[in-house]
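Have a look at the structure below before the remarks.
The values are calculated or read from the model by the stated rules, or taken from the named source; none is laboratory data. Since we're looking at a predicted model, the values are computed, not measured. Every residue, glycine among them, receives a Cβ derived from its backbone with ideal geometry; neighbour counts consider all protein chains shown. Ligands, DNA and RNA are excluded from the accessible area calculation, which covers all protein heavy atoms including side chains. Shrake-Rupley method; radii C 1.70, N 1.55, O 1.52, S 1.80 Å.
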Amino acid sequence: MPDNRKYYYLKLKENYFEDDAIVLLESMPDGILYSNILLKLYLKSLKNGGKLEFAENIPYTSQMIATITRHQVGTVEKALQVFLQLGLVEPMENGTLYMSNIELMIGQSSTEAERKRRARLALNQKKCLPDAHADKCPPYTPDICPPERELDIDIEKEIKVNKRESEREKRTPAPAACGKYGNVCLTEDELAELKAELPDQWEYYIDRLSCHIASTGKSYKSHAATIYKWAQEDAAKNRPGKKKPDYSYSDGDSL
């Protein structure tokens, strides 16, 4: 039977507890209790995009929060006062508390900065505060997405990238094996360039390299580059006043 329920997750960065507000919070008397309450409130607000509401437009009271977090009412009231002072929660018009920075802990976005900007805009609209840029950005909608779905998205992206690379490799012809022993690898472009640069000698150098590889077992990163190097060395030996090299090829060619 398919599971059609929605799951919500709180995603904390590894340096969450190094944030200045959290360090200050936990350094207070009962600060560890406050920190526990804060995390539970983050979790309770996920389904409502950061708002602490028992039902639509019904905000949680201190007594209700004490019940759901399993802490004393007095501890919860002190914790809420501290949260307000540190900017960890913000009051809305109807008395609902909004968990600040919750937009950084749920869903996914192209950039965290954009997510935060949209969340602040939505909060300002809820508070009926003027915002000069309100018409330039649509209201923030929490994009709830469990880690499993994010993993699926990453896998889909990787599959698409691998598919594009495979198609690119198919379009690029593999180097052809040539030479007397079929061990000289040249692409069509490299072979065409050799024919253009060495019109009377390209076959000689390909066979020469083929015999050299077969007899010595050496390998080269670029067979075309090796051929050009040999041709340049022979050209240097063939300067005016020096005997021209014999480009006729035989099986007993010495390398």
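Observations, loosely collected:
- Some residue of the stretch 183-201 being of a type in the set (S, T, N, Q), out of contact with any Ser or Thr (no Cβ under 6 Å at 6 or more places or on another chain) and assigned to a helix (DSSP H, G or I): no
- Of the candidates Lys44, Lys78, the single residue that is closer than 24 Å to Ala122 by Cα, of a type outside the set (Val, Ile, Thr), open to solvent by 50 Å² or more (accessible area, probe 1.4 Å) and in a helix (DSSP H, G or I) is Lys44.
- Flag for Lys40 being in contact with a Ser or Thr (Cβ under 8 Å, 6 or more places away or on another chain) and closer than 25 Å to Asn94 by Cβ: yes
- Within the stretch 79-91, the residues that satisfy the criterion of being within 17 Å of Val23 (Cα to Cα) and touching a residue at least 12 places away in the same chain (Cβ under 8 Å) are Ala79, Leu80, Val82, Phe83, Leu86, Gly87, Leu88, Val89.
- Restricting the stretch 214-223 to residues that are under 23 Å from Asp189 (Cα atoms) and at pLDDT below 90 leaves a set whose member that is least open to solvent (accessible area, probe 1.4 Å) is Ser222.
- Complete set of residues in the stretch 18-31 that are open to solvent by 90 Å² or more (accessible area, probe 1.4 Å) and part of a helix (DSSP H, G or I): Glu18, Asp20, Leu24
- Number of positions in the stretch 81-95 that are open to solvent by less than 80 Å² (accessible area, probe 1.4 Å) and more than 18 Å from Lys51 (Cβ to Cβ): 2
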